[in-house]
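K.L.:
Right, I'll just put the structure down here and ask away after.
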Ligand code: HEC
Ligand code: HEC
Ligand code: HEC
């Protein structure tokens, strides 16, 4: 390359970088510049406890599922330490109990509101694994109730372990600042007066405390959540499950009452919850009151399907279409699966989910079906479904190529019409056991 070529080459690189920087700075100013990075210095401790407020806070904490992220396996609830893995390393959630040294014991109400809304605490700007972009939607009334509830927990002295991150992600102030410049678009929304109160309540819960988009939306660069992939479905970072799209078309087969019921009980005639969704229902959504469950169902059934071509292309990219489904699949199905799911694939009531005409089985990503067949699963135990039926694991009983064959069979049979999965995909998934 001659000198001019090099110079042009550099310029070609520099211009987009400058443009990105400029957009970043403009967006940053639109987010309030450095103001969100200042933690309030003056503040108040909550006044005398009010039982009704604490009870309301306990309910909100359930729906926000604070306990799942802020508890290690076998640890004291809310005492922190759970680790989140990503390609940049591991991040630990902190201690939310009122211990003054390692928890929120000497936090003011203003500090708490600020951390929840702006994702900035004494520690510095918080990594976006913490769903502050969602919690920013919460009203003062709800945030104050949450804080009051957390203050009633037994204090536990437990400092979260140090994060283990690669540079530059490890540089909290710099990395989070840059990330926020590029990707953080605060979008608190007022109620839409043209919509019924129930719909607005549903949106408040879904986009706010429920943080459903953390799993159900597609991800962009550096774990961002681009608006055009809102609820478009995606693989969940660090957990490996595929969360399906939530929108008007994908949820057409459920009526609102059925969907609300599924969110609380974990079962329905369309299928039952498994993987991360079973965990979410078990720890959080089963406690929804009936009105809130109906509100959520009402709202998610109106979401317009994402128009993002990238999301669709990416989902299509997950398909591995090597090799035809082997005839062996039918035989394995009859021997191992039909006793529960039926020869016709229609399952049995609430006990065994249908596989025929089930969009999750025919989904672009076959990850969930393969993992279920490998490792088995059970719907969550809930008040509405106290003794869930389970699906046995086949990891020791069927060889990888047999699992590929039977999953390919259920994806194609009964008009499901989805392409087969390959032996390689099954092998890769076998190596990632359920956590
Ligand atoms: C998806 C997982 C997740 C959920 C759900 C979640 N958190 Fe967190 N939270 C985190 C992580 C991870 C951090 C640490 C982030 C960091 O260190 O940058 C954190 C940090 C925080 C902090 C800042 C603590 C500090 O010392 O700076 C507060 C306060 C907090 N969370 C409160 C809550 C509350 C209240 C809820 C429920 C309404 C909640 N979180 C739900 C993952 C979660
Ligand atoms: C931790 C990740 C995670 C979160 C958070 C989460 N989901 Fe899910 N969800 C999943 C996964 C994985 C599936 C697929 C497995 C299944 O169907 O049980 C799923 C399935 C579903 C389904 C079934 C869809 C269908 O077409 O059959 C519905 C409805 C649903 N989720 C609603 C919600 C709502 C509403 C929220 C927020 C209140 C939410 N989810 C939060 C992971 C999550
Ligand atoms: C003993 C009964 C039983 C047998 C045998 C069984 N399953 Fe299941 N299956 C279940 C139950 C129960 C669930 C729901 C699990 C959950 O919700 O966690 C399920 C769920 C599934 C799902 C998820 C459906 C969805 O909505 O996404 C698939 C796929 C599946 N089974 C395929 C198979 C295949 C393939 C076989 C044979 C290799 C098989 N099952 C054998 C009971 C069974």
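K.L.:
I need 206, 67 ordered by Cβ neighbour count within 10 Å, fewest first.
P.N.:
Numbers: 206 23, 67 15.
By the 10 Å Cβ count, ascending, the order reads 67, 206.
K.L.:
Does segment 105-172 come out rounded, prolate or oblate by the C-alpha gyration tensor, with a ≥ b ≥ c the root eigenvalues, rounded set by a/c under 1.5 and, if not, prolate when a/b is larger than b/c and oblate if not? Walk me through the intermediate numbers first.
P.N.:
On the way: a/c = 2.50, a/b = 1.39, b/c = 1.80.
In terms of gyration-tensor shape, oblate.
K.L.:
Multiply the residue separation of residue 335 and residue 236 by 0.36 nm, subtract the distance between their alpha-carbon atoms, and state the gained length in nm to one decimal. Walk me through the intermediate numbers first.
P.N.:
Values: separation 99, 0.36 × 99 = 35.64 nm, distance 3.25 nm.
Net length gain for the segment: 32.4 nm.
K.L.:
Determine the distance separating the Cα centre of segment 98-163 from the Cα centre of segment 207-273; give it in Å without decimals.
P.N.:
Between the Cα centre of segment 98-163 and that of segment 207-273, the gap is 26 Å.
K.L.:
Measure nothing fancy, just the Cα-based angle from helix 400-412's long axis to the longest principal axis of the chain, in degrees from 0 to 90, nearest 10.
P.N.:
Approximately 90 degrees, to the nearest ten.
K.L.:
At q = 0.14, 0.17, 0.22, 0.25 Å⁻¹, what base-10 log of I(q)/I(0) does the Debye formula yield for segment 137-224 when every alpha carbon is treated as an equal point scatterer in vacuo?
P.N.:
Treating every Cα as an identical point scatterer, log10 I(q)/I(0) equals -0.85, -1.09, -1.17, -1.19.
K.L.:
Connecting C-alpha atoms closer than 10 Å in a GNM of the chain, tell me which of 12, 136, 148 has the biggest fluctuation.
P.N.:
12
K.L.:
Direction-averaged shadow area of the convex hull around the Cα atoms of the chain, nm²? Please report the intermediate quantities before stating the final value.
P.N.:
Numbers: hull surface 99.5 nm².
Orientation-averaged projected area of the Cα hull: 24.9 nm².
K.L.:
If I build a Gaussian network model for the chain, linking alpha-carbon pairs within less than 10 angstrom, which residue out of 277, 231, 27 has the largest mean-square fluctuation?
P.N.:
Result: 27 has the largest fluctuation of those listed.
K.L.:
Can you tell me the orientation of helix 3-30 relative to the chain, as the angle in degrees between its alpha-carbon axis and the longest Cα principal axis, to the nearest 10?
P.N.:
70 degrees
K.L.:
If you line up the long axis of helix 290-300 against the longest principal axis of the chain, both from Cα atoms, how many degrees apart are they, to the nearest 10?
P.N.:
Once rounded, one gets 80 degrees.
K.L.:
Next question. What is the pair-distance distribution P(r) of segment 24-183, computed from all Cα-Cα distances in 10 Å bins starting at 0, with each bin given as a whole percent?
P.N.:
Whole-percent P(r) values from 0 Å outward: 10, 39, 37, 13, 1.
K.L.:
Test of understanding: in a Gaussian network model of the chain with alpha carbons linked when under 10 Å, which of 164, 407, 267 would top the mean-square fluctuation ranking?
P.N.:
Top of the fluctuation ranking is 164.
K.L.:
As a check on your grasp of the helix formula, calculate [θ] at 222 nm for the chain: sum -39500 (n - 2.57) over DSSP H runs of n ≥ 4, divide by the residue count, round to the nearest 500. Mind dumping the intermediate values first?
P.N.:
Working: 18 runs with 181 residues, N = 435.
One gets -12000 deg cm²/dmol as the mean residue ellipticity at 222 nm.
K.L.:
Continuing with the same structure: Would you kindly calculate the mean projected area, averaged across all directions, of the convex hull enclosing the Cα atoms of segment 318-430, in square nanometres?
P.N.:
Numbers: hull surface 27.0 nm².
Approximately 6.8 nm², given one-decimal rounding.
K.L.:
Moving on. Under the 0.36 nm per residue contour assumption, what length would be gained going from the current alpha-carbon distance of residue 173 and residue 304 to full extension?
P.N.:
Details: separation 131, 0.36 × 131 = 47.16 nm, distance 3.64 nm.
Answer, rounded to one decimal: 43.5 nm.
K.L.:
Sticking with this structure for a sec: Find the percent of Cα-Cα distances in segment 197-306 that exceed 22 Å, and round it to a whole number. Walk me through the numbers before you get to the answer.
P.N.:
On the way: 1482 of 5995 pairs.
In whole percent, the long-distance tail amounts to 25.
K.L.:
I want to check the label-to-label distance for residue 15 and residue 30. Put each point 7 Å from Cα in the C-beta direction and report it in nm to one decimal.
P.N.:
Distance between label points: 2.3 nm.
Bear in mind that the values in this text are calculations on the coordinates, not laboratory data. Source: prediction; values computed, not measured. So basically every Cβ, Gly included, is an ideal-geometry build from the backbone, and we count neighbours across all protein chains shown.
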